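Below is one structure; the comments refer to it alone.
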């Protein structure tokens with residue numbers, strides 16, 4: 001609908017009588033798809049990492065620990081939905097838009113209009129929130145097409161409802177883990193199976209397994225000293241368009257890894273923080289397989305440093321006095337993860353309110369992101385990632401029925417409200433002379449598992465599925 005004002009365009013759209021075709025995925029429903037992913041994990045997947053004799057050692061002596069972890073489909077839900085201004089004229093195109101990848105946008109617009117890239121000018125505006133959604137250029141191409149047809153500058157905008165129901169979704173995932181503990185309580189053998197749709201579907205149709213670079217976001221680059229380790233990618237077809245969301249595959253892989261490490265620590269009767277340090281073994285550096293080549297690789301390489309991982313844990317433990325008594329009704333949970341060549345540890349503190357509902361009252365995150373040039377920028381990213389991660393952990397979930405997303409706005413797709421934000425968020429920066437590494441995404445993955453651990457400390461209930469408040473209510 002093209003009009004002289006946004007109001008007129010919205011009212012005109014409401015007056016349209018449109019008959020929609022259901023499409024090839026009309027039968028897609030999240031409930032049945034989740035069951036399909038669970039079933040996929042019952043069979044061996046494609047090996048992404050194999051060290052030692054995993055299957056044989058799993059049959060040996062010692063305590064057996066196993067669990068599955070599940071995460072839902074998510075939307076980015078930026079405060080400003082997709083919007084773009086395009087002006088196609090005289091064989092050229094000028095664009096004003098909040099895009100995360102202006103170079104790719106320029107190339108795609110040039111291909112769309114069949115003009116040289118030099119004829120396309122991209123003016124990048126403030127993003128208004130993006131979180132991966134605005135790395136895609138669909139909304140820009142829509143503005144370009146309309147402008148080329150009407151012969152005038154065009155401002156195109158999506159409504160909140162259109163964005164939540166039609167974004168490039170963060171796919172749901174299911175992971176299964178099994179470990180045989182040795183006499184020291186540490187895993188002698190550890191099997192990890194992961195099933196989720198691959199983002200590589202964007203570039204090559206027919207891909208139906210997590211790709212090596214995706215498994216490399218937290219799994220095949222594990223810093224832990226496990227003698228027998230197997231990581232498998234299980235089949236997961238792509239029934240809906242998916243894309244990047246802040247921290248990408250680390251969201252679900254950090255949740256599963258930390259949850260399972262906590263369960264192994266409990267089986268061994270060891271403090272979860274101390275257990276991780278023991279699991280790291282001696283400090284060492286090693287080349288991580290399956291990393292996605294990106295600009296960071298030229299400065300950081302693909303080396304995993306277990307010493308940096310250990311130091312960030314110890315730094316946080318000292319800063320918050322881990323193990324000290326807490327006020328009555330207060331409980332803590334811990335998680336750590338390495339992503340985008342940075343090392344992060346988080347402690348979430350919750351307080352049980354009078355009605356038994358948990359309230360996050362404090363979040364402390366320590367991180368080694370290499371040499372820090374702008375400490376205030378780092379702190380701001382930690383604060384934003386904390387709020388973003390808490391919203392996903394507590395409430396984030398999309399459901400699909402008969403091929404259509406059921407949620408449409410913040411009334412049924414919850415994000416964290418200001419009254420629910422923790423009063424205290426602290427960023428503890430570990431001094432480092434290593435080259436600068438990721439900061440916008442690494443503080444996100446540790447939030448959900450640390451919160452789940454705090455809720456376990458408060459209730460004794462393991463919540464192995466996001467969003468956590470859904471499981472909390474069901475088990476309460």
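Taking strands (runs of 3 or more DSSP E) that fall entirely within segment 341-431, which contain at least 2 residues that are assigned by TED's automatic domain parsing to the domain that holds residue 248 and out of contact with any strand residue (DSSP E or B) (no Cβ under 9 Å at 6 or more places or on another chain)?
In segment 341-431, there are no strands (runs of 3 or more DSSP E) which contain 2 or more residues that are assigned by TED's automatic domain parsing to the domain that holds residue 248 and out of contact with any strand residue (DSSP E or B) (no Cβ under 9 Å at 6 or more places or on another chain).
So if I check each of 133, 180, which one is closer than 30 Å to residue 62 by Cα, crowded, with 21+ Cβ neighbours inside 10 Å, in contact (Cβ under 8 Å) with a residue 60 or more places away in the chain and in contact with a helix residue (DSSP H, G or I) (Cβ under 8 Å, 6 or more places away or on another chain)?
Details: 133 fails: closer than 30 Å to residue 62 by Cα.
So the residue among 133, 180 that is closer than 30 Å to residue 62 by Cα, crowded, with 21+ Cβ neighbours inside 10 Å, in contact (Cβ under 8 Å) with a residue 60 or more places away in the chain and in contact with a helix residue (DSSP H, G or I) (Cβ under 8 Å, 6 or more places away or on another chain) is 180.
Among the numbered criteria (1) in contact with a helix residue (DSSP H, G or I) (Cβ under 7 Å, 6 or more places away or on another chain); (2) part of a loop (DSSP other than H, G, I, E, B); (3) at pLDDT 95 or above, which one does residue 1 miss?
(3)
Rundown of residues vs (1) out of contact with any helix residue (DSSP H, G or I) (no Cβ under 9 Å at 6 or more places or on another chain); (2) surrounded by fewer than 24 Cβ atoms within 10 Å (Cβ to Cβ); (3) outside the structural domain of residue 392 (by TED's automatic domain parsing), yes/no style:
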site: 241; (1), (2), (3): no, yes, no
site: 248; (1), (2), (3): no, yes, no
site: 258; (1), (2), (3): no, no, no
site: 267; (1), (2), (3): yes, yes, no
site: 270; (1), (2), (3): no, yes, no
site: 282; (1), (2), (3): no, yes, no
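Quick test for you: out of 10, 37, pick the one residue that is part of a helix (DSSP H, G or I), surrounded by 13 or more Cβ atoms within 10 Å (Cβ to Cβ) and in the same structural domain as residue 466 (by TED's automatic domain parsing).
Criteria check complete, one pass: 37.
List the pairs whose first member sits in segment 380-399 and is free of Cβ contacts under 8 Å to residues at least 60 places away in the same chain, whose second member is crowded, with 24+ Cβ neighbours inside 10 Å, and whose Cβ atoms are under 6 Å apart, counting only residues at least 6 apart or on separate chains?
Hits for this filter: 389/444; 389/447.
Kindly evaluate residue 43 against the criterion of being in contact with a strand residue (DSSP E or B) (Cβ under 9 Å, 6 or more places away or on another chain) and assigned to a helix (DSSP H, G or I).
Taking the combined requirement at face value, the residue does not satisfy it.
Among the residues of segment 305-340, what is the count of those that are touching a strand residue (DSSP E or B) at 6+ places or on another chain (Cβ under 6 Å) and part of a loop (DSSP other than H, G, I, E, B)?
Final tally of qualifying residues: 1.
Okay, residues lined up against (1) assigned by TED's automatic domain parsing to the domain that holds residue 139; (2) over 30 Å from residue 409 (Cβ atoms); (3) in a strand (DSSP E or B):
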residue	(1), (2), (3)
17	no, no, no
49	no, yes, yes
66	no, yes, yes
69	no, no, yes
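For segment 203-210, does any single residue satisfy the condition of being touching a strand residue (DSSP E or B) at 6+ places or on another chain (Cβ under 6 Å) and surrounded by fewer than 24 Cβ atoms within 10 Å (Cβ to Cβ)?
Yes - at least one qualifying residue is present in segment 203-210.
Mind counting the residues in segment 140-162 that are under 17 Å from residue 100 (Cβ atoms) and buried (at least 22 other Cβ atoms within 10 Å of the Cβ)?
Matching residues across segment 140-162 total 2.
Might you let me know whether segment 88-95 holds any residue that is in contact (Cβ under 8 Å) with a residue 60 or more places away in the chain and either in contact with a strand residue (DSSP E or B) (Cβ under 6 Å, 6 or more places away or on another chain) or surrounded by 15 or more Cβ atoms within 10 Å (Cβ to Cβ) (or both)?
The answer is yes, given that some residue of segment 88-95 is in contact (Cβ under 8 Å) with a residue 60 or more places away in the chain and either in contact with a strand residue (DSSP E or B) (Cβ under 6 Å, 6 or more places away or on another chain) or surrounded by 15 or more Cβ atoms within 10 Å (Cβ to Cβ) (or both).
The values are calculated or read from the model by the stated rules, or taken from the named source; none is laboratory data. Model, not experiment: these values are computed from the prediction. Don't worry about glycine lacking a Cβ; one is built from the backbone with ideal geometry, like all the others, and counts go over all protein chains shown.
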